[in-house]
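The block underneath contains the structure these notes are about, expressed in structure tokens.
The values are calculated or read from the model by the stated rules, or taken from the named source; none is laboratory data. Everything numeric here is computed off the predicted structure, so don't read it as measured data. Methodologically, a virtual Cβ is constructed for each residue, glycine included, from the backbone with ideal geometry; neighbour enumeration extends over all protein chains shown. Remember, those area values only see protein heavy atoms, side chains included, never the ligands or the DNA or RNA. Shrake-Rupley method; radii C 1.70, N 1.55, O 1.52, S 1.80 Å.
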Amino acid sequence: MNWFLNVSLFNSHQQKKDSAFFYAYFFPFFTVLALWIDSVYFYNTYFDGRILTNLLAITYFCLFFNSAQSYLRKLMFCMVFLSYIGELIFCKLLGMYAYRTQDIPLYVPFGHAIVYASGFVFVENSFCVRNTLGLKKFFFISFTILFLGVGIVLDDWFSLIFGVLFFVLMKRKKWQNVYYTIALCVIFIELVGTYFKCWAWVPKTFDVIPAANPPMGAVFFYAGGDVILAKIVSYWKEN
């Protein structure tokens, strides 16, 4: 009987894990579809797809949330609220970027949670687990080239400055690959969102620091938010 229960629990756990991997791997395709529907092109050609994108994001979030393990669920839940606060600070208060409409889209905080969860799950696949040390070196070199490249070629001082701060943070977090995989998801969604003109970064942050659209150094703010998020959930677990 105990054996049967253990097998059932293992199968249930494996099914959840497989489902989470599916939603993480499908993340790029979902991102392109959802942001295309909210794009300027879609708006000018068909209709304002913002409501449809909101529904898609919330539905995808719920499906991903349902497939996640307990710890990741807490991270996703907290991320929705934390990211909205971040939007108010960086978008509205500091004016670092702006959406195609004046309001912050409803799908954005849910999208942040999806981005975070996807990066979180990616790093748990067998390839990443087997090659943890090698990936740390690969990611460090790749992100260094990326920050230097956009800084030199695009005069993106934003990415140079905050790229350095990103590495400072990574050193404090012992170069955990999960922050790199989340950063990759962030870069992807930033490139897609700015390409479709769902949002745009200002040419000069604080009217001083030249920035590309999007600036790759934006990953620092996501990584910083991830650290705060982990602390919140850690406190939640203790209580």
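In table form, for the structure just shown:
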| item | result |
| --- | --- |
| Over 24 Å (Cα to Cα) - which of Lys92/Lys171; Lys137/Lys197; Lys171/Lys197; Lys197/Lys231; Lys92/Lys136; Lys137/Lys174 fall in this group | Lys92/Lys171; Lys137/Lys197; Lys171/Lys197; Lys197/Lys231; Lys92/Lys136 |
| Estimated D of region 54-123 in µm² per second, where Rh is the Kirkwood radius over Cα pairs and Stokes-Einstein applies at 25 °C, 0.890 mPa s | 195 µm²/s |
| Heavy-atom accessible area per residue - region 49-96, 1.4 Å, Å² | 49 Å² |
| Kirkwood Rh, angstrom, region 169-239 [1 / mean 1/r, Cα pairs] | 13.8 Å |
| Given 15 as the ceiling on other Cβ atoms within 10 Å, longest exposed-site-free region of the chain for chymotrypsin sites (Phe, Trp or Tyr not before Pro) in DSSP loops | 48-205 |
| Debye equation applied to the C-alpha atoms of region 85-239, log10 I(q)/I(0) at 0.11, 0.14 Å⁻¹ | -0.44, -0.73 |
| Largest-first ordering by accessible area, 1.4 Å probe, given options Val129, Val186 | Val129, Val186 |
| CD proxy at 222 nm, helix term only [per DSSP H run n ≥ 4: -39500 (n - 2.57); per residue of the chain; nearest 500] | -24500 deg cm²/dmol |
| Carbon plus sulfur fraction of accessible area for the chain, probe 1.4 Å, in percent | 69 percent |
| 13 Å cut-off, amide nitrogen to a point 7 angstrom out along Val208 Cα→Cβ, residues in region 145-174 | 158 |
| Accessible area per residue, Å², region 164-239 with all protein chains present, probe 1.4 Å | 51 Å² |
